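The values are calculated or read from the model by the stated rules, or taken from the named source; none is laboratory data. Quick caveat: nothing in here was measured; it's all calculated off a predicted structure. Neighbour counts are summed over all protein chains in view; Cβ atoms, including those assigned to glycine, are modelled from backbone coordinates with ideal geometry.
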Amino acid sequence: MSDTIESILQEERLFNPPTEFSERAYVRSGREYEQLYSRAASNPEKFWGELAEQELHWFKKWDRVLDWQPPFAQWFVGGQLNISHNCLDRHLHSWRRNKAAIIWEGEPGDSRVITYGELHREVCQFANALKSLGVQKGDRVAIYLPMIPEAAIAMLACARIGAPHSVVFGGFSAEALRDRLVDAEAKLVITADGGFRKDKAIALKQEVDKALEHGAPSVENVIVVQRTKADVTMTAGRDYWWHELKPQQSAHCPAEPMDSEDMLFILYTSGSTGKPKGVVHTTGGYNLYTHMTTKWIFDLKDTDVYWCTADVGWITGHSYIVYGPLSNGATTVMYEGVPRPSNPGCFWDVIEKYGVNIFYTAPTAIRAFIRMGEAIPNARDLSSLRLLGTVGEPINPEAWMWYHRVIGGGKCPIVDTWWQTETGGIMLTPLPGAIPTKPGSCTRPFPGIVADIVDLDGNPVESGQGGFLVIKQPWPSMIRDVYGDTDRFRFTYWEHIQPKEGQYLYFAGDGARRDADGYFWVMGRVDDVINVSGHRLGTMEIESALVSHPLVAEAAVVGRPDELTGEAIFAFVSLEGNTEANEDLKKELVKHVTAEIGAIARPAEIRFTDVLPKTRSGKIMRRLLRSLASGQEISGDTSTLEDRTVLDKLREG
Ligand code: WTA
């Protein structure tokens with residue numbers, strides 16, 4: 001302990017992996033990490049090929065590990081596998097058949113433990129239910145569920161029959177759901193009557209009905225899980241209850257052999273322009289990379305109880321609640337609830353109840369816990385914990401220190417993991433037994449990941465200097481395409497940084513710097529994406545939602561720093577004609593955005609203004625609005641501003 005305090009007083013706080021942790025870890029020292037890293041760098045195909053052979057089950061071996069025709073990568077070309085087989089069937093021939101695969105805790109306090117044997121049976125039956133409704137390999141299936149085991153069962157069932165899933169976060173509104181159903185041309189939607197969140201039953205089926213009413217013509221059927229027992233309207237011939245459909249099905253459903261490059265899922269995420277984009281992930285590379293990162297980063301052992309608090313509606317839930325842990329045969333906890341006034345300590349109760357060893361959450365949650373006070377976690381027994389993780393946004397060093405001290409009891413390494421929907425798996429992270437950590441830094445690249453910080457021409461910047469975070473070599477779980485829009489795929493990720501001819505760099509959209517030890521420090525988005533509580537929201541999406549209100553003439557949305565949520569949404573709005581600007585209208589607009597996108601996009605502040613600052617070419621100068629929103633002085637060049645008096649008016653507003 002005293003070591004820790006001493007090092008805190010120094011400028012550079014450095015935490016070495018505890019010896020007891022390192023001794024038992026998969027990767028035990030900095031030297032072992034360096035060896036893995038250089039093996040992967042010198043011959044990536046050999047490195048990934050060997051791991052694919054050792055760690056996964058293949059129905060047919062690949063002909064080539066990698067085919068890289070920038071920006072299109074194909075991994076394990078010619079190989080065949082099924083991720084649901086790797087997550088289920090192969091664990092059934094050992095003692096793991098009766099091991100807990102999923103431990104689920106509902107918000108009202110109900111719970112379920114599902115063994116690998118049971119999960120396999122459930123998945124097979126539900127896969128047959130999907131088939132009975134005509135779902136075939138290649139058909140897209142949307143999943144719009146609360147955090148209940150059926151979400152994981154549905155994903156695995158889709159994967160089993162080769163129907164790519166598109167999970168839509170249950171907090172999205174009917175409109176947002178509809179956009180995603182239409183874009184993916186989903187054939188079927190799996191939903192629930194509702195889910196419990198913050199002591200209320202949230203309606204989901206109702207949102208699906210609204211989405212379908214507004215037009216999602218590809219959808220033929222809806223399967224409804226009964227969760228809250230709320231009244232729902234079932235349309236005969238279209239809607240089926242999960243609990244009526246599934247039990248009739250055979251528990252025999254062989255996993256479909258999938259080509260390694262067959263699409264596994266689409267997941268929508270926000271970008272800086274236009275509608276959310278459907279990030280496409282495929283089977284083999286995604287399975288291998290999420291498997292290896294889960295194993296080495298969370299140092300996941302058969303005896304561990306592992307808990308990631310994300311929602312399956314986000315990539316973190318896909319890779320690190322469902323696929324990565326189950327592929328490793330681990331026990332993964334799913335929790336329906338979130339900390340709430342009636343039960344601010346619910347996370348710590350879950351840790352105590354199940355003896356959770358590995359806990360992975362988001363900085364925004366940690367900041368909320370700090371506010372609630374350490375008496376709450378201190379009242380629980382958290383001694384089972386041996387490793388902590390964070391994801392979603394940069395973690396401020398003080399939150400890191402609190403997490404380390406109060407939750408980790410000063411003894412648990414923290415893995416600060418940087419990655420994205422598009423990367424499929426964790427890219428920059430400590431390996432907990434090998435890499436000393438610095439609060440606020442996601443440290444080093446995972447073996448096989450070649451990351452750099454460059455300027456717009458692709459030239460590496462000097463250490464300590466800020467620049468654009470890029471990935472220089474393909475990796476197995478990389479984004480393959482934007483669904484239905486390959487131009488957007490090229491443009492968004494491969495054409496921002498323009499290096500020498502023939503060189504392709506993956507542009508992450510984040511700013512970062514690297515220190516003298518080669519540690520990465522991610523600073524945040526450099527594009528018009530706002531990160532609210534670790535959720536990515538495009539400013540354009542929120543602006544479009546605002547402008548779709550009849551009284552709004554124009555809107556500009558920016559992020560401003562927020563102590564709790566990282567960033568908060570600040571909207572500048574100009575109104576139509578002689579509309580009176582008042583508090584009621586503000587409230588109405590907030591409600592309108594919530595209805596269009598969902599509560600996660602709720603503006604924290606709306607400021608009415610007659611005019612928005614624009615360049616002479618008519619582009620809104622967001623940089624100025626960002627300064628105004630965060631109460632900073634406007635610095636930098638304002639000479640391109642069309643009308644200088646606009647700024648004074650905005651300041652007064
Ligand atoms: C941010 C979530 C700093 C980053 C897995 C990235 C982070 C975006 C970290 C992706 C981290 C995620 N440190 N920033 N450890 N993790 N981010 O697609 O801006 O929802 O580009 O994936 O979150 O968000 P996404």
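The one condition from (1) among the basic types (Lys, Arg); (2) closer than 25 Å to Pro18 by Cβ; (3) surrounded by 18 or more Cβ atoms within 10 Å (Cβ to Cβ) that Arg367 does not meet is (2).
Output yes when any residue across the stretch 571-584 is within 12 Å of the ligand (Cβ to nearest atom), surrounded by 16 or more Cβ atoms within 10 Å (Cβ to Cβ) and in a strand (DSSP E or B), and no when none is. Steps first, please.
In the first step, residues of the stretch 571-584 are kept if they are within 12 Å of the ligand (Cβ to nearest atom); the result is none.
Checked against the condition, which is being within 12 Å of the ligand (Cβ to nearest atom), surrounded by 16 or more Cβ atoms within 10 Å (Cβ to Cβ) and in a strand (DSSP E or B), the stretch 571-584 yields no hits at all.
Restricting Leu625, Leu575, Leu585 to residues that are under 22 Å from Ser544 (Cβ atoms) and touching a residue at least 40 places away in the same chain (Cβ under 8 Å) narrows the list to Leu625.
Quick grid of which residues meet (1) in contact with a strand residue (DSSP E or B) (Cβ under 7 Å, 6 or more places away or on another chain); (2) surrounded by fewer than 19 Cβ atoms within 10 Å (Cβ to Cβ):
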site: Asp183; (1), (2): yes, no
site: Ala201; (1), (2): yes, yes
site: Leu204; (1), (2): yes, no
site: Gly215; (1), (2): no, yes
site: Val225; (1), (2): yes, no
site: Thr235; (1), (2): no, yes
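Going residue by residue through the stretch 534-549, is there one that turns out to be within 12 Å of the ligand (Cβ to nearest atom), outside any helix (DSSP H, G or I), farther than 22 Å from Gly631 by Cα and without any contact (Cβ under 8 Å) to a residue 40 or more places away in the chain? No; the residues of the stretch 534-549 include none that is within 12 Å of the ligand (Cβ to nearest atom), outside any helix (DSSP H, G or I), farther than 22 Å from Gly631 by Cα and without any contact (Cβ under 8 Å) to a residue 40 or more places away in the chain.
For the stretch 281-316, filtered to residues that are within 14 Å of the ligand (Cβ to nearest atom) and aliphatic (A, V, I, L, M), the residue that is farthest from Pro149 (Cα to Cα) is Ile297. Among the residues of the stretch 550-567, the one identified as more than 27 Å from Val470 (Cβ to Cβ), of a type outside the set (D, E, K, R) and within 16 Å of the ligand (Cβ to nearest atom) is Thr565. Would the stretch 507-525 turn up any residue that is surrounded by fewer than 16 Cβ atoms within 10 Å (Cβ to Cβ) and under 23 Å from the mean Cα position of the chain (by Cα)? Yes, the stretch 507-525 contains at least one residue that is surrounded by fewer than 16 Cβ atoms within 10 Å (Cβ to Cβ) and under 23 Å from the mean Cα position of the chain (by Cα). When Pro71, Pro18 are screened for being within 28 Å of the chain's Cα centre (by Cα) and not β-branched (Val, Ile, Thr), only Pro71 passes.
Of all residues in the stretch 540-552, those satisfying the criterion of being in contact with a Ser or Thr (Cβ under 8 Å, 6 or more places away or on another chain) and at pLDDT 90 or above are Leu551, Val552.
Checking the stretch 250-266 against the condition returns a match, with at least one residue being over 18 Å from Trp58 (Cβ atoms) and crowded, with 23+ Cβ neighbours inside 10 Å. Give the stretch 124-174 a look and list any residue that's assigned to a loop (DSSP other than H, G, I, E, B), of a type in the set (A, V, I, L, M, F, W, C) and within 16 Å of Thr283 (Cα to Cα), or say none. Ala163 - this is the single residue of the stretch 124-174 that is assigned to a loop (DSSP other than H, G, I, E, B), of a type in the set (A, V, I, L, M, F, W, C) and within 16 Å of Thr283 (Cα to Cα).
If you check Gly524 against the conditions, is it farther than 12 Å from Val470 by Cα, in contact with a Pro (Cβ under 9 Å, 6 or more places away or on another chain) and either more than 15 Å from the ligand (Cβ to nearest atom) or not in a strand (DSSP E or B) (or both)? No.
So that you can scan it fast, the table gives a plain yes or no per residue for (1) in contact with an Asp or Glu (Cβ under 8 Å, 6 or more places away or on another chain); (2) under 14 Å from Pro476 (Cβ atoms); (3) among the charged types (D, E, K, R):
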residue: Gly49; (1), (2), (3): no, yes, no
residue: Glu55; (1), (2), (3): no, yes, yes
residue: Trp62; (1), (2), (3): no, yes, no
residue: Trp75; (1), (2), (3): yes, yes, no
residue: Leu81; (1), (2), (3): no, yes, no
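Which residues, taken from the stretch 317-335, are of a type in the set (A, V, I, L, M, F, W, C) and in contact with a Ser or Thr (Cβ under 7 Å, 6 or more places away or on another chain)? Steps first, please.
Of all residues in the stretch 317-335, those of a type in the set (A, V, I, L, M, F, W, C) come to 321-322, 326, 330, 333-334.
Ile321, Leu326 - these are the residues of the stretch 317-335 that are of a type in the set (A, V, I, L, M, F, W, C) and in contact with a Ser or Thr (Cβ under 7 Å, 6 or more places away or on another chain).
Can we say Val356 is closer than 23 Å to Asp304 by Cα, crowded, with 18+ Cβ neighbours inside 10 Å and within 13 Å of the ligand (Cβ to nearest atom)?
On the way: closer than 23 Å to Asp304 by Cα: yes; crowded, with 18+ Cβ neighbours inside 10 Å: yes; within 13 Å of the ligand (Cβ to nearest atom): no.
For Val356, the condition - closer than 23 Å to Asp304 by Cα, crowded, with 18+ Cβ neighbours inside 10 Å and within 13 Å of the ligand (Cβ to nearest atom) - is not met.
The residues of the stretch 326-360 that are in a helix (DSSP H, G or I) and out of contact with any helix residue (DSSP H, G or I) (no Cβ under 7 Å at 6 or more places or on another chain), listed by number, are Cys346, Phe347, Asp349, Val350, Ile351, Glu352, Lys353, Tyr354. One residue stands out among those in the stretch 497-515 that are among the charged types (D, E, K, R) and more than 16 Å from the ligand (Cβ to nearest atom): the one that is nearest to Gln69 (Cα to Cα), which is Glu501. For the stretch 473-496, a residue qualifies if it is within 15 Å of the ligand (Cβ to nearest atom) and more than 24 Å from Glu45 (Cβ to Cβ), and the qualifying residues are Val482, Thr492, His496. Applying the set (1) modelled with pLDDT of 95 or more; (2) away from the ligand (no atom under 16 Å from the Cβ) to Arg371 leaves exactly one unmet item: (1).
Of the helices (runs of 4 or more DSSP H) lying entirely inside the stretch 12-86, those containing at least 1 residues that are basic (Lys, Arg) and over 24 Å from Leu505 (Cβ atoms) are 19-24, 30-42. Scanning the stretch 324-343 for residues that are over 20 Å from Gly171 (Cβ atoms) and either more than 16 Å from the ligand (Cβ to nearest atom) or surrounded by fewer than 23 Cβ atoms within 10 Å (Cβ to Cβ) (or both) yields Leu326, Ser327, Asn328, Gly329, Ala330, Thr331, Thr332, Val333.
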